[in-house]
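Remarks on the structure that follows.
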Amino acid sequence: MSENRPSNPEEILQSILRNVQVGGNLTTGDITQILNLLVIIPQPQRCYPQEIPHNIPPSGAVQFVGRATELANLSTMLQANNQLVTAINGMGGVGKTELATQYALLHLLLSTYSGGICWLRARSEDISLQVVEFARIYLDLTPPEDFDILAQVKYCWRNWCQIGDVLLVVDDVTDYQQIKPYLPPPSSRFKVLMTTRQKLGSSIKQLPLDVLQPESALELLRSLLVETPEGIERKLDEANQLCAWLGYLPLGLELVGRYLARKPDLSLSTMIERLTEKRLEQPALVNSEADMTAQLGVQAAFELSWQELAEYDRLLGCLLSLFAAAPIPWKLVEQNLTEEYQGGLEESRDDKLLKLHLLQRQDEGIYQLHPLLREFFQSKFTGLDKAEEWKGWFCRVMLEVAQSIPSSPTQELITSVKNAIPHLEEVAQHLTDAVTDDNLIWVFVGLERFYSGQGLYASAEHWCKECVTVVQTRLGKEHPDVTSSFNNLALLYNVTLPRRWQ
């Protein structure tokens, strides 16, 4: 035996993860390496002579991609002697359950938890009953029937095999305080791993899980389409566009990848067109397959979080969906709301949307919705009583931005309005129906001034032409604003044409 070989499970794990490729993928070869190395390690003493008791659900991952760092971090956090509870948190569809599954399966191979691995489903079933059932089936424990359920659970913890560490995975926790009484007592033997959409208190060590990096998202899509005639190698531009449209969300990528695998004649560009047309209602994002880890489509997964929101929280989420798929200056959100609604704004943002990972904080005063969550909130907007009223507020705020831009803006002013411009463009492209006739031209004038003031004449020309088309279509050829639109375009050409001839 080589003296340089790892000699314990933790060293093996770290060795493997250090050699994982840049994309962060855990492949079949890596698992094989684990199995080969296991034969040189003395197996830990355990109560169960044959195999470690566990009820880990099967993984539906074709390839576990982009999470090597998180897997290593999770191992470090859970192996800390003073840490009883660790939580993976993140938005719906980001792969929390899959990461927990892969961690449990990997450490089952490594025999890290020789006392057993117990998997509990917090959202759909009573975890106290699940603990007792696991103890009866896998540990041959029989809690006295005259005990109440809490006493039976405590009986299981007291009488659990005294040899080896134990891992308890509590999947999809919605209320930590509700399940807390049924967790094991503080002990270095018992480790609790939770998955949740919520940000929990500071006493719980938490591992935030974000969407995949673009290269890992592409690798996941590639792994799902490996058996199609061309894979994605000849269509990398379209594949990258598809990953971006899905916001690099693992659930969206897996659903669409599996859908494309079932339809080998469907091109990536056509898939993007269908998603753009039907959004979250496109069948590719609705129907999961039986062997997937996630059993919900994207909209159904988000719906679980929606059910936890009060009416005002829902309104705020829908208001945010009016903004473009770009960073949102919070001061623009505040300007949208009258005093009637201002009171609970900060609490709704911090205690609900951020806590449930329905909103992301990018920087001080800057927030953003995930692209698919934006689609979800937009789909909910039409069913709300205040929808048209709030849409009107949003357009009025963006008009104020447009009207604040002079014909020759200073660099200071350009900098001050820069973050608002994508949202003004959103109004110009999709929300002109909520702008009054008198103000319609201003949407485009503001954009033209912003771009021409920086010498970006191609963009300025685009918005001038859009202005002519939209204003003429809506107000008629004889309207004075149509004349003004043509005049603005002519003035822009008067500035740019001499430059083009130089």
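The values are calculated or read from the model by the stated rules, or taken from the named source; none is laboratory data. If you're wondering where the values come from, they're calculated on a predicted model, not measured in any experiment. Cβ atoms come from the backbone with ideal geometry, glycine included; neighbour counts cover every protein chain shown.
Give me a count of the residues in region 448-469 that are among the aliphatic types (A, V, I, L, M) and touching a Ser or Thr at 6+ places or on another chain (Cβ under 6 Å).
Total satisfying the criteria: 2.
Which numbered condition trips up Tyr341, out of (1) modelled with pLDDT under 95; (2) assigned to a loop (DSSP other than H, G, I, E, B); (3) crowded, with 17+ Cβ neighbours inside 10 Å?
Result: Tyr341 passes all but (2).
Would you point out which residue out of Leu106, Leu84 is surrounded by 18 or more Cβ atoms within 10 Å (Cβ to Cβ), modelled with pLDDT under 95 and out of contact with any Ser or Thr (no Cβ under 8 Å at 6 or more places or on another chain)?
The unique qualifying residue is Leu106.
Yes or no, residue by residue, for (1) among the hydrophobic types (A, V, I, L, M, F, W, C); (2) crowded, with 21+ Cβ neighbours inside 10 Å; (3) free of Cβ contacts under 8 Å to residues at least 40 places away in the same chain:
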{"site": "Arg121", "(1), (2), (3)": "no, no, no"}
{"site": "Glu125", "(1), (2), (3)": "no, no, yes"}
{"site": "Gln130", "(1), (2), (3)": "no, no, yes"}
{"site": "Glu133", "(1), (2), (3)": "no, no, yes"}
{"site": "Leu141", "(1), (2), (3)": "yes, no, yes"}
{"site": "Ala151", "(1), (2), (3)": "yes, no, yes"}
{"site": "Trp157", "(1), (2), (3)": "yes, no, yes"}
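Determine which single condition Thr410 fails, assuming it passes every other condition in (1) without any contact (Cβ under 8 Å) to a residue 12 or more places away in the chain; (2) closer than 23 Å to Thr469 by Cα; (3) β-branched (Val, Ile, Thr).
(2)
Exactly one of these conditions fails for Leu129: (1) modelled with pLDDT of 95 or more; (2) farther than 21 Å from Leu296 by Cβ; (3) touching a Ser or Thr at 6+ places or on another chain (Cβ under 8 Å). Give me its number.
(3)
Taking the conditions exactly as written (in a helix (DSSP H, G or I), among the small types (Gly, Ala, Ser) and either surrounded by 16 or more Cβ atoms within 10 Å (Cβ to Cβ) or assigned by TED's automatic domain parsing to the domain that holds Ser59 (or both)), does Ser216 satisfy them or not?
Spelling it out, Ser216 is indeed in a helix (DSSP H, G or I), among the small types (Gly, Ala, Ser) and either surrounded by 16 or more Cβ atoms within 10 Å (Cβ to Cβ) or assigned by TED's automatic domain parsing to the domain that holds Ser59 (or both).
Suppose we filter Leu304, Leu260 for residues that are farther than 19 Å from Leu220 by Cα and out of contact with any Lys or Arg (no Cβ under 6 Å at 6 or more places or on another chain); which single one remains?
Only one candidate qualifies: Leu304.
Considering only region 283-323, state which residues are surrounded by fewer than 19 Cβ atoms within 10 Å (Cβ to Cβ) and part of a loop (DSSP other than H, G, I, E, B).
Selection gives Val286, Asn287, Glu289, Ala290, Asp291, Met292, Gln295, Leu296, Gln307, Glu308, Leu309, Ala310.
Pairs needed: first member in region 184-203, at pLDDT 90 or above; second member anywhere, among the charged types (D, E, K, R) and not in a strand (DSSP E or B); C-beta distance under 7 Å; at least 6 residues apart or different chains.
Pairs found: Lys191/Asp165; Thr195/Lys96; Gln198/Lys355; Lys199/Lys355.
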